[in-house]
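Chemist: Got a structure for you, written out below as structure tokens; questions coming shortly.
The values are calculated or read from the model by the stated rules, or taken from the named source; none is laboratory data. This structure is a prediction, so every number in the text was calculated from the model and none was measured. Cβ placement follows ideal geometry from the backbone for every residue including glycine, while neighbour counts extend to all protein chains displayed. Side chains included, ligands, DNA and RNA excluded: accessible areas come from the protein's heavy atoms. Shrake-Rupley method; radii C 1.70, N 1.55, O 1.52, S 1.80 Å.
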Amino acid sequence: MEIPKNYDPKDSEIKWLEFWEKEKVYAFDPESKAEIYSVDTPPPTVSGKMHLGHSFSYAQQDFVVRFQRMLGKNVFYPFGTDDNGLATERMIEKMKNVKGQFMKRKDFIDLCLETLEEIRPDFVYDWKRIGVSADFSVFYTTINEHCRKISQRSFIELYKSGRIYRKRAPFVWCPECQTAIAQVEMKDSERDSKMVYMKFDTNKNEQIIIATTRPELLPACVAIHIHPDDKRYKHLIGAKAKIPFSSREVTITANKDVDMEFGSGIVYHCTYGDMDDIKWLEELKIEPIEILNKDGILNEKAGRFKGLHIKKAREAAIKALEEEGRIAKIEPIRHVVNVHERCGTDIEILNTEQWYIKYLDLKGSFMQYGREIKWYPEHMRVRYENWVNGLKWDWNISRQRHFGIPIPVWYCEKCNAIVIAEEKHLPVDPLADKPLHKCKCGSDRFIGEKDVLDTWATSSLTPDISVELFDKNVQKKLQPMSLRPQAHDIITFWLFNTVVKSYFHHDCIPWRNVMISGFVLDPHGKKMSKSKGNVIDPREMINKYSADALRFWAAGSRLGDDMPFQEKDLVTGSKFITKIWNASKFASIHLENFRGQMPSKLHLTERWLLSKLSRVVKTSTENFINYEYSHTKLETETFFWHTFCDNYLEIIKERLYNPEKRGSDEKLSAQYGLYNGLLSIIKLMAPIMPFITEELYQLYYRKHEKTKSVHLTSWPNVNMIDEHAEHIGDFVIKVIEFVRKQKTANRLSLKTQIKKLTIKAKIEEIDFDEIEAEIKAATSAENIVFEPMRGKAPEKDLEIEVEF
């Protein structure tokens, strides 16, 4: 079949998406005996639409998965959506113009579930559109019944093993989202602020000055700390200090944690400004004064600041201090504060009842598990280890939200006993369901837990969630999984927490390999954000160019590297598509009567081509095995443009167009090289550019290769290295390129006839005789005079003279 004149990616890419789905090209076969390659696919958060970073990282993982499939492995590549988290909740509130906290819990949950059903198909289609070769029939959502059951089962197992506990204690809180958050959900943010130097009176008739960025917490001051070695103030230890605009006094205590170089060297201890305040509270056995409500509004214990939001209270406190003459000075500063990574709100510390997973005693085990996993790139393991080493608190897994997976717990009204759901009862909603049995005290009256599980408590179970879609026999073959692909920003979130859950539930690593992708930056190397107006929509790039061109761009980055977006890379990808289309058109014309037969003797030019190709296949295979897809793309692209198109196709035209001059065997040799060379290039590029390669395969190769999709064919296996043929072939290329340059320098057409071409080279006459006709045809030389170089090694190994 002759290939059409033009290729339209818009029509073609949609056609092949439908074909792959209809033909189940990427379907996992649980009955197959082939080696399994299982992928713990990242479930994208349903919080809007695919962004450029998604297309970047998901394309990169797909390169690797498609390669493994072409090695003949039975690929398990499920797809899910993460839709029980705060990001989804916020999106739905915005879409529906509601506020969940002001709605009945059931009504808001129903609204979320209904909205997700409406928007999920379009959301998932974005991943299909970029060519992700997942088996979309193996699908889950982190809020469906299957996931709720597994997540609640995990909670129950850890509770029974003594790893989960409930405690009322000060912990990190987001007043905007009105929920507790874990250590991993905080990020640093640089902010402008004020360092306020406040004057305190003491019962020693001395004033002390204390520097703080949080004067609004003065009503919660419970102590003042001085380093016992500070000669300036040690005489005040044990004295009393009066709180400004208050009659209350606090004790000045000795505390070795005080930084004598910070501010004035004196610290005022409030509840709670940071985690040090909690530590000191426990050590000194001091009762806290809690002035902050869950919504960030100060309560009656804040005195004159009652009813103010924490931000406004800061300015009000500064004004009150000024009115009393209690400010020594104010310095503008820029410092780093902890914020909630979801909403960017400054975190606070509140005393609340929360559920925790105890794991600080297992740092060594988690470190060991990290070292049992193979990391690509290797240096990303350092981020994991730094996180493990820096852990300070147990994992807080309870969240004060409506939408999420309920914690499967009730409290007995009579004796306050905690009653855990039974596994056969899962999934449960404690606010709607009741325990299967009475409490041990005999009571049948219970209060359901209203908190839900942190979304990472569920997302950390994705290996279990996906493999448990199959029966026990299949599950055994799927775990540990082969690969976890993900971006580097959630190593501390998703990757670490999955290792934790796998340690507790399976006593083994969750995957053998992890591949970590980088970020996409704007063309100037800046982080993309809506506020900066530098966000690129991948849909627009696909519509303007193609999904293949977008994937071609993503393949230009080494794994783990952050990469600035350059649209010119998509232009280059489009040019590659046009070139391989035109090369395939040429090939289809000259391969019309070819039946795949190997000639009795391969011409030296084919031996040269296939030897070069063998090296490309060998290094490309090694690169893909090591997750270095960018090297495969670069080497294949270079081979295709330079070796195959610029040189090989030009050299064989004479044999293809004029077989009567050169003989049918020489034409057959050229056809053999053309067929196998182009097919190998198509296969090498198939993981990176799946649409154009499928189109070309279907138009010509399928009827010969018989496999229904190029993505189910075998990875190229060309092992025909011939160093002698390469040496002679490279000589031919040097001659042809020299002649081309001479014609260009003389402003002549490349088809201009050459009267005489004189060549001196370090090759034998017998070799030259085999390729003389190729040189004549490619250079349009009427006469060639060849002289082999012998004797002592000359300064040059090739001399050429051209006579027009």
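Chemist: Please find, within segment 244-280, the residue that is farthest from Ile210 (Cα to Cα) out of those that are surrounded by 19 or more Cβ atoms within 10 Å (Cβ to Cβ) and in contact with a Pro (Cβ under 6 Å, 6 or more places away or on another chain).
Modeler: Ile278
Chemist: Can you name the residue in segment 1-57 that is touching a strand residue (DSSP E or B) at 6+ places or on another chain (Cβ under 6 Å) and among the charged types (D, E, K, R) and, of all such residues, is farthest from Phe496 (Cα to Cα)?
Modeler: Asp29
Chemist: For the list (1) at pLDDT below 90; (2) assigned to a loop (DSSP other than H, G, I, E, B); (3) touching a strand residue (DSSP E or B) at 6+ places or on another chain (Cβ under 6 Å), I need the number of the one condition that Ile278 fails.
Modeler: For Ile278, the exception is condition (2).
Chemist: Of Arg314, Arg304, which residue is buried (at least 19 other Cβ atoms within 10 Å of the Cβ), basic (Lys, Arg) and either closer than 20 Å to Lys194 by Cβ or touching a helix residue (DSSP H, G or I) at 6+ places or on another chain (Cβ under 8 Å) (or both)?
Modeler: Arg314
Chemist: Do we find a residue being among the basic types (Lys, Arg) and farther than 23 Å from Lys285 by Cα anywhere in segment 239-260?
Modeler: Looking for residues that are among the basic types (Lys, Arg) and farther than 23 Å from Lys285 by Cα, one finds none in segment 239-260, hence no.
Chemist: Take the residues in segment 88-108 that are basic (Lys, Arg) and part of a loop (DSSP other than H, G, I, E, B); name whichever of them is most open to solvent (accessible area, probe 1.4 Å).
Modeler: Looking at the filtered set, the residue picked out is Lys104.
Here's the yes/no breakdown for (1) over 23 Å from Ile766 (Cα atoms); (2) open to solvent by 70 Å² or more (accessible area, probe 1.4 Å); (3) in contact with an Asp or Glu (Cβ under 6 Å, 6 or more places away or on another chain):
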site	(1), (2), (3)
Leu591	yes, no, no
Ser600	no, yes, no
Glu606	no, no, no
Asn623	yes, no, no
Lys633	yes, no, no
Phe640	yes, no, no
Ile651	no, no, yes
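Chemist: Out of curiosity, is Phe108 among the aromatic types (Phe, Trp, Tyr), farther than 29 Å from Ile397 by Cβ and touching a residue at least 24 places away in the same chain (Cβ under 8 Å)?
Modeler: no
Chemist: Are any residues in segment 335-380 open to solvent by 70 Å² or more (accessible area, probe 1.4 Å), modelled with pLDDT of 95 or more and within 26 Å of the chain's Cα centre (by Cα), and if so, which ones?
Modeler: Of everything in segment 335-380, those that are open to solvent by 70 Å² or more (accessible area, probe 1.4 Å), modelled with pLDDT of 95 or more and within 26 Å of the chain's Cα centre (by Cα) turn out to be Gln368, Arg371, Glu372, Lys374, Glu378, His379.
Chemist: Quick one: which helices (runs of 4 or more DSSP H) sit completely within segment 623-734 and have at least 1 residues that are over 30 Å from Lys24 (Cα atoms) and at pLDDT 95 or above?
Modeler: Counting at least 1 such residues, we get 629-638, 649-657, 664-685.
Chemist: Given the structure, is Glu666 acidic (Asp, Glu), closer than 15 Å to Ile771 by Cα and open to solvent by 10 Å² or more (accessible area, probe 1.4 Å)?
Modeler: When the stated conditions are applied, Glu666 passes them.
Chemist: Further, regarding this structure: Check segment 652-662 and report whether any residue there is closer than 20 Å to Ala554 by Cβ and of a type in the set (Lys, Arg).
Modeler: Among the residues of segment 652-662, not one is closer than 20 Å to Ala554 by Cβ and of a type in the set (Lys, Arg), which makes the answer no.
Chemist: Right, next: In segment 418-427, which residues are surrounded by fewer than 14 Cβ atoms within 10 Å (Cβ to Cβ) and part of a loop (DSSP other than H, G, I, E, B)?
Modeler: Glu422
Chemist: Additional query: Please indicate, with yes or no, whether at least one residue in segment 320-334 is open to solvent by 10 Å² or more (accessible area, probe 1.4 Å), part of a strand (DSSP E or B), within 19 Å of Cys270 (Cα to Cα) and not small (Gly, Ala, Ser).
Modeler: Looking through segment 320-334, at least one residue is open to solvent by 10 Å² or more (accessible area, probe 1.4 Å), part of a strand (DSSP E or B), within 19 Å of Cys270 (Cα to Cα) and not small (Gly, Ala, Ser).
Chemist: Sticking with this structure for a sec: How many residues are open to solvent by 50 Å² or more (accessible area, probe 1.4 Å) and either of a type in the set (A, V, I, L, M, F, W, C) or outside any helix (DSSP H, G or I) (or both) if we restrict to segment 565-575?
Modeler: 2
Chemist: Separate question: Identify the residue in segment 428-467 that is within 12 Å of Gln152 (Cβ to Cβ) and in contact with a His (Cβ under 9 Å, 6 or more places away or on another chain) and, among all such residues, is most open to solvent (accessible area, probe 1.4 Å).
Modeler: Per the stated criteria, the residue is Asp433.
Chemist: Could you give me the residue pairs with C-beta distances under 7 Å whose first residue belongs to segment 642-662 and is within 18 Å of Val616 (Cα to Cα) and without any contact (Cβ under 8 Å) to a residue 24 or more places away in the chain, whose second residue is surrounded by 19 or more Cβ atoms within 10 Å (Cβ to Cβ) and among the charged types (D, E, K, R) wherever it lies, and which are 6+ apart or on separate chains?
Modeler: none
Chemist: Output the residues belonging to segment 130-146 that are farther than 23 Å from Phe552 by Cβ and in contact (Cβ under 8 Å) with a residue 12 or more places away in the chain.
Modeler: Result: Asp135, Phe136, Ser137, Val138, Phe139, Tyr140, Thr141, Thr142, Ile143, Glu145, His146.
Chemist: Being acidic (Asp, Glu) and open to solvent by 40 Å² or more (accessible area, probe 1.4 Å) is the filter; apply it to segment 15-67 and report the residue that is farthest from the chain's Cα centre (by Cα).
Modeler: Glu31
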